[in-house]
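One structure is given below, encoded as structure tokens.
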Amino acid sequence: MTVLLGLDPSLSCTGWGVIRVEGNRLVHVANGQIATDAGAAMPLRLASIHAAVMEVILTYRPDRGACEEVFVNRNPQSTLKLAQARGVVLAACGAQGIPVREHAARLVKKAVVGTGAAEKRQVQAMLKVLLGGTQPAGPDAADALAVAIADAHLGSY
């Protein structure tokens with residue numbers, strides 16, 4: 001059995017999802033979203049994300065992690081903010097010695113739905129099928145669960 005932490009980092013709302021991989025069977029453990037105050041200073045927002053991810057790690061003790069790769073936005077500031085949020089999420093995993101694989105969004109969609117061009121609603125529908133009717137805490141948590149499922153399907157380290 002492997003406990004896998006999926007992460008969908010964002011400065012505004014980072015999604016997380018924990019699943020257990022038991023052979024070919026996937027079992028939902030928990031999921032959630034880490035929202036930050038848009039009016040707060042950047043260091044406080046990043047610290048908030050880091051602390052919350054550390055709490056998830058210490059609570060569920062994942063064996064490994066999976067994170068969505070950064071995609072480049074048209075707005076460089078948005079890309080930079082995403083990269084900073086991603087950095088603190090990866091740092092939290094690194095601080096606990098958790099190996100993390102990164103996956104492109106298209107690969108995640110293909111692994112979960114069967115096509116890299118799947119829409120969010122298709123991914124969310126497949127989550128319910130693959131994880132026994134699980135209700136994600138929101139769209140960012142759903143994305144994080146999808147990243148975890150994709151990583152489970154892509155095999156061991």
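Things worth noting here:
- Summary value for the stretch 1-117: 26 percent relative contact order, contacts being C-alpha pairs under 8 angstrom separated by 6+ residues.
- When you work out D = kT/(6 pi eta Rh) for the stretch 28-157 at 37 °C and 0.692 mPa s, using the Kirkwood radius from C-alpha pairs as Rh and the Stokes-Einstein form, the result is 212 µm²/s.
- Furthest towards positive pole of dipole, Ala105, Gly87, Pro43, structure part the chain, Cβ charges: Ala105
- Between amide H atoms placed 1.01 Å from N, distances below 5 Å from Cys67 occur with Leu7, Arg101, Glu102, His103, all of them 5 or more places distant or on a separate chain.
- When +1 charges are put on Lys and Arg Cβ atoms and -1 charges on Asp and Glu Cβ atoms, the dipole computed for the stretch 2-153 relative to its Cα centre reaches about 260 debye.
- Fewest-first sequence of Val147, Val53 by Cβ atoms within 10 Å of each Cβ: Val53, Val147
- Percent of Cα pairs exceeding the 18 Å cut-off, where the set is the stretch 1-76: 46 percent
- Within the stretch 2-153, DSSP assigns beta bridges of which about 70% are antiparallel (rounded to the nearest 5).
- Crossing angle, helix 76-95 versus the chain [Cα axis fit, 0-90 degrees, rounded to tens]: 70 degrees
- Fewest-first ordering of Met126, Met54 by other beta carbons within 10 Å of each residue's beta carbon gives Met54, Met126.
- Residue-count net charge about Leu90 - beta-carbon cut-off 14 Å; Lys, Arg +1, Asp, Glu -1: -1
- Extension reserve of the Glu55-Glu102 stretch, reckoned as 0.36 nm per residue once the Cα distance is removed: 14.8 nm
- Most mobile listed residue (Leu26, Leu127, Leu44) in the chain, GNM with C-alpha springs under 10 Å: Leu44
- The stretch 28-63-the stretch 78-157 distance, computed between alpha-carbon centres (Å): 15 Å
- Within-12-Å neighbourhood charge of Asp140 [Cβ basis; K, R +1; D, E -1]: -2
Only the coordinates and a few stated rules stand behind these numbers; no lab work does. Source: prediction; values computed, not measured. All Cβ positions, glycine included, derive from the backbone under ideal geometry; neighbour counts span all protein chains shown.
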